[in-house]
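Everything on this sheet refers to the single structure shown next.
What follows draws every value from the coordinates through simple rules; no lab data is involved. What you are looking at is a predicted structure, and each value in this text was computed from that prediction instead of being measured. Cβ: placed from backbone, ideal geometry, glycine included. Neighbour counts: every protein chain shown.
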């Protein structure tokens, strides 16, 4: 479904223009592209991976 043809019941403008909070929420709901991973979680995973690699290197020597 596209939001280009939807009219907001709150402000009576096209949802694609995002003039009110209701429009913006509907637009965000329609254009969600799956779960988003927070950047902090990605960074924590990379730090844990680096720590594991360093521990394996230390144990190998």
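Of the peptides 23-30, 5-12, the ranking by mean beta-carbon count within 10 Å, highest at the top, reads 23-30, 5-12. Axis of helix 21-30 versus longest Cα principal axis of the chain: the two differ by about 60°, to the nearest ten degrees.
Relative to the current alpha-carbon distance between residue 40 and residue 4, full extension at 0.36 nm per residue lengthens the span by 9.6 nm. Can you give me the angle between helix 39-60 and the longest principal axis of the chain, using Cα atoms only, in degrees from 0 to 90, rounded to the nearest 10? Value to nearest ten degrees: 10. Measuring spread by the Cα atoms of the chain yields a radius of gyration and Dmax of 22.1, 69 Å.
If I stretch the segment between residue 22 and residue 61 completely, what's the gain in nm (0.36 nm per residue apart, minus their alpha carbon distance), one decimal? Spell out each step's value before the answer.
Numbers: separation 39, 0.36 × 39 = 14.04 nm, distance 6.00 nm.
The span from residue 22 to residue 61 would gain 8.0 nm if fully extended.
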